[in-house]
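What follows is a single structure, written as structure tokens, with notes after it.
Bear in mind that the values in this text are calculations on the coordinates, not laboratory data. Everything quoted here is computed from the prediction, not taken from an experiment.
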Amino acid sequence: MTIVADTVPSSTGTPHSPAAAIEVRELTVDDLSAALADGLRDFRAAPTFGLLVGLVYAIGGLVVFSAAMSFDMIFLVYPLAAGFALIAPFAAVGIYETSRRMETGESLRIGDLIGSVPPHARRELGYMALVTLFGMIVWVYAAGFSWALFFGVRPLPTEDVLNMLFSTPRGVFFLVTGNLLGAVLATAIFSVSIVAYPLLLDRDVDFVTAMIASIRTVLAAPQVTIGWGIFVATMLLIAIVPMFLGLVVVLPWLGHATWHLYRRAVPRA
């Protein structure tokens with residue numbers, strides 16, 4: 001099944017020609033498997049830049065984790081880790097560019113990849129990053145508000161926090177409520193970004209058009225795309241467990257796979 005996105009006018013009142021009719025395909029489970037296999041192939045073919053991006057991302061995660069612990073905000077560690085996974089699509093922009101260059105036969109030297117985002121994409125990717133960042137901020141604030149609602153605002157020792165969360169009815173209810181709220185926010189952020197970042201990198205379109213294309217991709221095959229989102233989130237959370245070090249490998253692999261999933265979801269112009 002193919003869905004054609006709505007026309008989005010430019011500031012001059014006429015549509016950007018590449019954005020006038022973006023088609024999206026209905027993804028299948030086979031598409032997910034193929035994207036993962038193609039992503040692993042790209043990662044093996046050009047691992048250096050992906051490993052570098054993954055390392056920087058992992059270090060950023062460690063800094064955020066250390067800051068939360070130093071301020072006795074252990075209750076924010078889980079939402080921060082989960083929220084950190086939400087911004088992974090933006091962190092992987094350079095990895096999408098690596099896969100794109102592999103398709104076109106362009107240089108894959110690190111010096112050429114750094115700062116290689118096309119001029120047409122820089123502003124729109126920035127806007128898209130703000131959308132994702134806003135979603136993460138809402139996520140963290142919602143987690144903090146939920147904690148204050150259930151347990152107050154006073155910092156507590158780690159042992160007390162763990163005991164309350166897993167051995168009291170109030171703690172269990174908090175976990176259920178917090179995870180349901182987080183699932184809603186994560187689904188919303190995922191739905192507007194599943195193909196948005198690769199699309200902005202690949203074509204001269206605005207970020208609103210890219211978000212519409214992402215939403216239509218999800219609506220075309222909700223079970224498959226939500227399953228993809230759950231898989232990606234699970235892999236990122238598993239990678240975070242060993243002090244974020246798993247991200248060094250998992251982020252580039254999933255980044256390359258996301259590019260190939262985009263290629264299957266959005267036919268070439």
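Quick look at the values:
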| read-out | value |
| --- | --- |
| Length-normalised contact order for the range 56-143 - Cα pairs under 8 Å, 6+ apart - percent | 36 percent |
| Between the range 178-228 and the range 33-93, the alpha-carbon center distance in angstrom | 19 Å |
| Pairs of alpha carbons in the range 174-269 whose separation is greater than 23 Å (percent) | 31 percent |
| Degrees separating the helix 247-265 axis from the principal Cα axis of the chain, which is the longest one | 40 degrees |
| Whether the range 32-96 is rounded, prolate or oblate, judged on the alpha carbon gyration tensor where a/c under 1.5 counts as rounded | prolate |
| Cα gyration tensor shape of the chain, rounded if a/c is under 1.5, else prolate or oblate by comparing a/b with b/c | prolate |
| Angle in degrees between helix 47-70 and the longest Cα principal axis of the chain, rounded to the nearest 10 | 30 degrees |
